[in-house]
1. Within a 10 angstrom radius of the beta carbon, how do Arg420, Arg308 rank from fewest other beta carbons to most?
2. Classify the stretch 2-199 as rounded, prolate or oblate, taking a ≥ b ≥ c as the square roots of the eigenvalues of its Cα gyration tensor: rounded when a/c is under 1.5, otherwise prolate if a/b is larger than b/c and oblate if not.
3. What FRET efficiency, computed as 1/(1 + (r/R0)^6) with R0 = 45 Å and r the Cβ-Cβ distance, is obtained for Ala427 and His188, rounded to the nearest 0.05?
4. Between their Cα atoms, which of Lys330/Lys406; Lys272/Lys302; Lys302/Lys330; Lys223/Lys272; Lys120/Lys223; Lys302/Lys406 are more than 21 Å away from each other?
5. Between Arg53 and Asp69, what length comes free when the chain is fully extended (0.36 nm per residue of separation minus the Cα-Cα distance, one decimal in nm)?
6. Using a simple spin-label model with points 7 Å from Cα along the Cα→Cβ vector, what separation in nm is obtained for Ala304 and Thr174?
7. Listing Lys302, Lys213, Lys406, Lys257 from the residue with the fewest other Cβ atoms within 10 Å to the one with the most, what is the order?
8. From Cα pairs below 8 angstrom and at least 6 apart in sequence, can you work out the relative contact order of the chain, rounded to a whole percent?
Amino acid sequence: MRIAMIGGGYVGLVSAACFAEFGTEVRVVETHPGRLAALREGRIPIYEPGLDRLVADNTTAGRLSFGDDIAHAVDGAEAVFIAVGTPTRRGDGHADLTYVHEAADQVARALTAHAVVVTKSTVPVGTGRKVAEILRRTRPDLDFDVASNPEFLREGSAIGDFMRPDRVVIGIDTDAPGGGERAREILHRLYRPLYLIEAPILFTSLESAELIKYASNAFLAMKVTFINEMADLCERVGADVHEIARGMGLDNRIGRKFLHAGPGFGGSCFPKDTRALVAIAEEAGAPSRLIETTIAVNEARKEAMAGRLIEACGGSVAGLTVGVLGLTFKPETDDMRDASSIPILHRLAEAGAILRAYDPAGMEAARPLLPEGVIYCTDGLDAARGADALLVLTEWNEFRAIPPVKLRDLMAGVVVVDLRNVFDPAAMAAAGMRYRGIGR
Ligand code: UDX
């Protein structure tokens, strides 16, 4: 079986490598010259554990290839995936579909035989139908199907998420001639390895598949925001948010995941997808007050987090040196998009703090986004050296291994504000540090 993947970005590249690992031949189309050159030389332009090996193995095996020629890629492909970017459109919060529409048009021109054209990018409800319309308009003679197959993978564990998913969602256009049966058969065959491990594969309408993606991300963003509010409440009433999360999470209806309190959600998906869902809902006349509020609460939280450190330092950080552990929006990624570190560090810099920061993977991406004057350090201990206060922003594992006594010896002061609850409060207290976590 052969498929084409339009777009060698995060979702496109991970999906392509994983489909190839299933034994399918995948031709990836990447039009950005620098990115394409890198991929052809086996350099992976994104940080994702295990992806380099998967790409290398499948390229060597001849199942995975990269090029910029759509006609070559779609030639003989039974499925053509569109996995191009859908950034937030300026002004109205909607996803910008320019790249998706362009890709659909180019695919239509290039196809010579039947294929199912699948949107993998996160797209607003109605996009699948729009893609069908573009295909029909550009090539009235063409025999095709459309489908929607949103991707639920998380950065940092993308390969595991793809290979052992909680579910696969496939939206089919049942109004199409043939009732979408051909699309269903092709995608069923493509995902066969997942049937073998009994992953639930859910066939839905196009619209449902598109909405499931937004609804899932918005729900998770809301869950994180909820526990963040509970953390604030815990601090006021003397409860421990870890105990709350565990006690709640053991209820199967709630589930224990995504109940880690922190400095607010960020990343390439939650902020973008919550905004898009609000725009979709508003336009459809069924506004989502819950998600509007989630966004507002999360934004306010990011702003408020700098205040915690300032307060812990006695009301001012002017002239104080603050060591910062972690910058990315979560561990195991180099992604800085919408990371809470950005507003927090800007506020601290404005308040006159001298910032010594370290992140295991995100420092290059962080530089253009963080205030000028941030000192980038070689490791966590280096960031703590001589600092009056220490601020933990991302829960990288390597920070957990830092002994509190070592911090005490290296730092000039004793204030530790841990916005990810990485450290053990008792061990910190025993080392003589003035420690403040989240929600406990
Ligand atoms: C998310 C979805 O999980 C994934 O299904 C979708 O395909 C893309 O968006 P990702 O953005 O990679 O994945 O990160 P995720 O692990 O979901 O974390 C999102 C944000 O929420 C991070 O800033 C993270 O720190 C925060 N978070 C998550 C918490 O603060 N607490 C939690 O318990 C979980």
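1. Details: Arg420 22, Arg308 17.
Sorted ascending by nearby Cβ count, the order is Arg308, Arg420.
2. Details: a/c = 1.36, a/b = 1.25, b/c = 1.09.
Rounded, because the longest to shortest axis ratio a/c is under 1.5.
3. Details: r = 53 Å, r/R0 = 1.17.
Working from the Cβ atoms, E equals 0.30.
4. Lys330/Lys406; Lys120/Lys223; Lys302/Lys406
5. Values: separation 16, 0.36 × 16 = 5.76 nm, distance 2.49 nm.
Separation in residues times 0.36 nm, less the Cα-Cα distance, equals 3.3 nm.
6. 4.5 nm
7. On the way: Lys302 20, Lys213 24, Lys406 14, Lys257 10.
Result, fewest neighbours first: Lys257, Lys406, Lys302, Lys213.
8. Details: 879 pairs, mean separation 50.2, N = 440.
Relative contact order for the chain comes out at 11 percent.
Taken together, the values in this text are just the output of simple stated rules run on the coordinates, not laboratory data. Only a predicted model underlies this, so the values are computations on that prediction, with no experimental measurement involved. A quick note on method: Cβ atoms are made from the backbone with ideal geometry, for glycine too, and the neighbour counts reach across all protein chains shown.
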